[in-house]
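The values are calculated or read from the model by the stated rules, or taken from the named source; none is laboratory data. It should be emphasised that the depicted structure is a prediction, and the values quoted were computed from it without experimental measurement. No Cβ is skipped: glycine too gets one built from the backbone with ideal geometry, and neighbour counts run over all protein chains shown.
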Amino acid sequence: MPFFAAAFAAAPPADARLRGASVAAVAVGAAIVAGGAAAATYGVAVAGAAAFLAGIAGVGAATALPLRGSLGPGRGLVTRAYLVALGQLGVGVLLGSLFLAGWEPMAAAWSGGRTAHAWLNLVGFVSLVIATTLLHFFPTVVGARIGGGRSPRVAVYGLAAGPPLVAVGSLATSDVVVRVGAVLAVAGAAGLTAYAATVWRTRARWTTDLDWHRFAMGGLVSAVTWFDVGVLVAAGRALAFGVSPVAWSTQLVAAPLVVGWVATAIVASATHLLPAVGPGRPTEHARQRELLGRVAVPRLVLLNLGTGMLAAGAVLEADAVVLAGAVATSLGLGATVVLLGRAALLGIRRSPGA
């Protein structure tokens, strides 16, 4: 995310070495975990998880260390949120690692551990990082001033505290703690939505590159909307079922949270960032904006329609609806990825010194 990139870019040589080693540990560790789990060689998977955890710790240090000599405040809301998100990821990975290692207490409590793992990783780490990034990035994309007020803090604090509480409650078999955590997560999602709505009212009225703006802006608005849907589904089940194993349903949250929230936020962000800070000269950036604005509205429609059909099909257990949604989503995402790839190649080929 932009904050991590800026922190890494500002790192002195020692911190840069830490950065490289940390990223390598995360990448290699994740690959080893995936390979070990797929081959059912769980000892290998646990070794990969250990490397992954070490990489997470290094990423946290590489994020915080460049701020130690900064002139401004180094412990702002954004900094704290990213570090908490890394902590959530670390705990989530640790729970999964203990299960893969066959640790008996975790194996016996895995119905709650599975819920804790999912909430910490998806509703916690991933969503907290994206939501925190949008506090600065969303106003940039829509052409508005970065907002303030209470809603950003509600968003960050709700997503920072809610998933860990659900995790603790699931492991400790406490319905009350699970439900409090679910309510806080909903408050966090509501805070992000309120912030986005406030910023949206002061957005710029663009007169050039309209289709490029439409996709980036519409994609982020869609992502926030699907985030609300996904959190409401996850929290609603937690409120209804408490610590029961059925309280978490990957099938029901996958479409709104993974496709509608995460994937859409990534492609919309990349659409804005590539011509703004990517390789190439101003003439290439203009060409990139034109490329990335092609069939913007149809791509957005396919993404949102497909996500809606995937979500509805999961609820109705209708395979035909799920298949249609998968086709629509694949067309929307696939076309966008192709355009992003073409735009990136254009910038690389025409960048100074290339």
Helices (runs of 4 or more DSSP H) contained entirely in the range 1-86, each with at least 3 residues that are more than 21 Å from residue 118 (Cβ to Cβ) and modelled with pLDDT of 75 or more: 13-38, 42-64
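Pull up the range 172-226, narrow it to residues that are outside any helix (DSSP H, G or I) and of a type in the set (Gly, Ala, Ser), then point me to the one that is surrounded by the most Cβ atoms within 10 Å (Cβ to Cβ).
174
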Residue 347, sole failed condition from (1) modelled with pLDDT of 95 or more; (2) buried (at least 19 other Cβ atoms within 10 Å of the Cβ): (1)
What do you reckon, is residue 322 more than 22 Å from the chain's Cα centre (by Cα), under 21 Å from residue 230 (Cβ atoms) and surrounded by 18 or more Cβ atoms within 10 Å (Cβ to Cβ)? yes
Just checking, does the range 298-306 include any residue being over 26 Å from the mean Cα position of the chain (by Cα) and farther than 14 Å from residue 260 by Cβ? no
Check on residue 115, touching a Ser or Thr at 6+ places or on another chain (Cβ under 7 Å) and assigned to a helix (DSSP H, G or I): yes
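Kindly provide the set of residues from the range 139-157 that are among the aliphatic types (A, V, I, L, M) and assigned to a loop (DSSP other than H, G, I, E, B), ordered by number.
144, 146
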